[in-house]
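No lab work stands behind these numbers, since they all come straight from the coordinates. Quantities reported herein were computed from a predicted structural model and do not represent experimental measurements. Here the Cβ positions follow ideal geometry from the backbone for every residue, glycine too, while neighbour counts run over all protein chains shown.
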Amino acid sequence: MAKRVAIVGTGQTFHKSHRPDVNGQELINEAVQRALADANLTMKDIDAILIGNMDHFEGINYVDCWSVDGSGGVMKPVIKITTGGTTGASLAIGGYHMVGSGMFEKVLIIGWEKNSESDTTGAITTAFDPIWDRQVFAGAISGLAAEAQAYMARFGASERDGARVSVRDRKHAMNNPHAQLRKEVSLEDVLASPMLADPIHLLDVCPRSDGACAVIMASEDSAEKICPVPDWIWGTSAHNTYSYLGDGDWGRLTSMEQCAKEIFKKAGIKEPRKELDVIEMYQPYSFAGLIWIEDMGIIGHGEAPKYVWDGNTDMGGELPVNPSGGVIACNPIGATGLIRCAEAAMQVMGKAEGRQVPDVKFAVSTGFGGCMWTNMLLHGKRKPN
Amino acid sequence: MAEKEQLIIESGDAAQPFKYAVGMHGSKFFTETRDNMRLMGLKCPKCGKVYVPPRGVCGKCFVEMDDWVEVGPKGVIGTFTILRFAFIDPETGQQKPVPYGYGFIKLDGADTLLQHYIDIKDESKVKIGARVEPVYAKERKGNTRDIEYFRIID
Ligand SMILES: [Zn+2]
């Protein structure tokens, strides 16, 4: 029997560049304890666990097995999902499917990463084809730089336009005690920071972080008993595009476009710009804050720079993006997509404290992966029909 | 109480040998490049899209491809970046030769882009749409390094 599904609790670590004081399962436990406390539940209430990260980052496989003391998975069903950058969002979608199926009443979802424990670029390289894609490859940044370059050529956007997005997200992060980078930056700071790969400066990109996030989902049978204002999942979507890096339609994120069309149609949202209240986007670098809101259908192609410069995506603007400070302020990769989901849920539940957008009825969270994949969830205050 | 000491375990210098099969389509591409300096793509019988790197199946149509067509060798820069930060290449254990031109090359007659190095001696010429041609290695071994880089010819 298909059930409606809601998020009833969330928990996060205080994400840092390096957490040598805890190992993986201890880090995971911090997020799990906070999510259980938030939902006022205990491990006894949890029917199954979904957990994931990008295990090549730590070089330790099977977190589903070795973390059970910390995750709460002792003698419970535990499933691992790992889909690269989208891992955290895929976990959320997987949890939605498990609870929605009616076979599990309450599911605990955990995303985590300790990026400090290995070489991030080296590990990312192992996700790409050894015959064709690795010779010139330079980690996440080369593809993102190529995307930004293509977007700039197509629509005449500038490095300043990108920098404006970094300034926004770093300002927003000041309101989020869980964010790693909590120091404002100016346009000049971004443009004067070292050029990593044209046109991307150091302050245009995400850091690497240690952190974990946990989310508890429950079916309509118990959601409102657990939580007075649960975050209802209205829909999910996932699309993957290519095999080799050169197959992409560079300068556009077609998977985002496809996810948005599908999810908004399902929910009857015709004007996302007006009907959505907040977006938590997996935006690993500044230019994505321009390109991807166009592909999401918030505004037309080439119109994002003006829309962002006019303050529409700032706190207090028409459609705030990343009140948490987003990925540019914090990126424990396997947790990152789930943090977007948790932050969107907190906005709907009215629990976002200093970063709360007033009266959120609809929120979108996304995940992004290196093969230009998109995962998306639509969160709402009202119970879906 | 004294500050706690937090220990880190390092993995050391271990090497991991891998042997990856190129497959019959990739092997055809590499032997043609090595022996004849010809670049080959596979054309989808259904949608007509020409794929480089060649692969057995057009994912969109989900049909097998076996129609080989010659592409390039000239083409244009589809998009690019110039890598400027130093990092270790996990394939070789050596530092990448930064700065280097990172190109997505649209070979004439192909519909996908081939990743390769671009010559950046004159950075002002490195632009999307610039015409390029491959510079072949003198000693070719049947891998992506048989093309040393793409040179701008505008
Ligand atoms: Zn086809």
* At 7 Å along the Cα-to-beta-carbon direction for both A:MET174 and B:VAL69, put a label point, then send me their distance in nm to one decimal. => 5.6 nm
* To do: In whole Å, largest first, what are the principal axis extents of the Cα atoms in the stretch B:22-152?
  => 42, 30, 27
* Given a cut-off of under 8 Å on Cα pairs at least six residues apart, what relative contact order in percent is computed for the stretch B:22-152? -> 22 percent
* Enumerate the amide H contacts of B:VAL132 below 5 Å, restricted to partners 5 or more residues apart or on another chain; note that Pro and chain-start residues carry no placed amide H. => B:GLY75, B:VAL76, B:ILE77, B:ILE153
* To do: Quick one: compute the contact order of chain A, relative version, from alpha carbon pairs under 8 angstrom and 6+ residues apart, as a percent.
  => 26 percent
* Structure fact -> Once amide hydrogens are built 1.01 Å from N within the peptide plane, the residues lying 5 or more places from B:GLN115 or on another chain with amide H under 5 Å from its amide H are A:GLY246, B:ILE105
* Structure fact -> Total charge of the residues flanking A:GLY59 in space, meaning their Cβ is under 11 Å from its Cβ, with Lys and Arg +1 and Asp and Glu -1, is -3
* Which three lengths, in whole Å and largest first, does the stretch A:328-385 cover when its Cα atoms are put on their principal axes? -> 34, 30, 13
* Antiparallel %, DSSP beta bridges [both residues in chain A], to 5 -> 75 percent
* Starting from the Cα-Cα distance between A:LYS261 and A:MET103, subtract it from 0.36 nm times their residue separation and give me the gain in nm to one decimal. => 54.0 nm
* Structure fact -> For the stretch A:58-65, Karplus-derived ³J(HN,Hα) couplings (6.51, -1.76, 1.60; θ = phi - 60°; whole Hz; x for glycine and proline) come out as 9, x, 10, 8, 6, 4, 4, 8
* To do: Quick one: check the C-alpha center-to-center distance for the stretch A:139-185 versus the stretch A:343-383, whole angstrom.
  => 20 Å
* Let me know the number of lysine pairs in the stretch A:269-385 closer than 20 Å at the Cα, not counting same-chain pairs under 8 apart. => 12
* Asked: Between B:THR92 and A:GLU220, what is the FRET efficiency for a Förster distance of 56 Å, r being their Cβ-Cβ separation, to the nearest 0.05?
  -> 0.55
* Asked: Given a Förster distance of 45 angstrom, what is the FRET efficiency for A:GLN135 paired with A:LYS44, based on the Cβ-Cβ distance and rounded to 0.05?
  -> 0.30
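May I ask you to derive the relative contact order of the stretch A:96-191, considering only C-alpha pairs under 8 Å and at least 6 residues apart, and to give it as an integer percent?
16 percent
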* To do: Using a Gaussian network model of chain A whose springs link C-alpha atoms within less than 10 Å, name the residue from A:THR254, A:THR336, A:THR121 with the highest mean-square fluctuation.
  => A:THR121
* Let me know the mean shielding of B:43-55 by other chains, meaning the per-residue number of their Cβ atoms within 10 Å of its Cβ. => 2
* Residue by residue through the stretch B:132-139, which ³J(HN,Hα) values in whole Hz follow from phi under the Karplus form 6.51 cos²θ - 1.76 cosθ + 1.60 (θ = phi - 60°), with glycine and proline marked x? -> 9, 9, x, 10, 7, 6, 5, 9
* Using only the C-alpha atoms of the protein assembly as shown, find the volume of their convex hull and express it per residue in Å³. => 165 Å³
* Structure fact -> Here the whole-number average of other chain Cβ atoms within 10 Å per Cβ of B:99-108 is 4
* Asked: Within chain A, which is the longest segment containing none of the trypsin sites (Lys or Arg not before Pro) that sit in a DSSP loop and have at most 12 other Cβ atoms within 10 Å?
  -> A:1-182
* **Of B:LEU107, B:LEU83, B:LEU39, the one that fluctuates the most in a GNM where chain B has Cα springs shorter than 10 Å** => B:LEU83
* When the Cα centres of the stretch A:67-113 and the stretch A:248-309 are compared, how far apart do they sit, in Å? -> 27 Å
* Asked: From the backbone phi of the stretch A:177-187, what are the Karplus-calculated ³J(HN,Hα) couplings (6.51 cos²θ - 1.76 cosθ + 1.60, θ = phi - 60°) in whole Hz, Gly and Pro given as x?
  -> x, 7, 5, 7, 9, 10, 8, 5, 10, 9, 3
* Structure fact -> Any lysines whose Cα falls less than 21 Å from that of B:LYS60, other than same-chain ones fewer than 8 residues away, would be A:LYS261, B:LYS43, B:LYS46, B:LYS49, B:LYS106
* Per residue of A:133-145, what is the mean number of Cβ atoms on other protein chains within 10 angstrom of that residue's Cβ? -> 6
* Asked: Highest GNM mean-square fluctuation, chain A, Cα pairs closer than 10 Å: which of A:ILE131, A:ILE226, A:ILE79?
  -> A:ILE131
* Structure fact -> Using the Kirkwood formula on alpha carbons, the hydrodynamic radius of the stretch A:1-153 in angstrom works out to 17.1 Å
* Asked: Of all GluC sites (Glu not before Pro) in the stretch A:76-185, which ones are in loop regions per DSSP and have a Cβ with at most 14 other Cβ atoms within 10 Å?
  -> A:GLU184
* Asked: Could you give the nm distance between label points at B:LYS46 and A:GLU184, where each point is 7 Å from its Cα heading toward the beta carbon?
  -> 5.5 nm
* Structure fact -> Under 20 Å by backbone N from the virtual spin label 7 Å along Cα-to-Cβ at A:ASP359, the residues of the stretch A:273-291 are A:273-279
* Structure fact -> Simple SL model, points at 7 angstrom along Cα→Cβ for B:GLN6 and A:GLU26; separation in nm is 0.9 nm
* **Long-range HN-HN contacts of B:MET40 with modeled amide H, under 5 Å** => B:VAL71
* To do: Calculate how large, on average over all directions, the projected area of the Cα convex hull of the stretch A:89-135 is; give the answer in nm² to one decimal.
  => 5.1 nm²
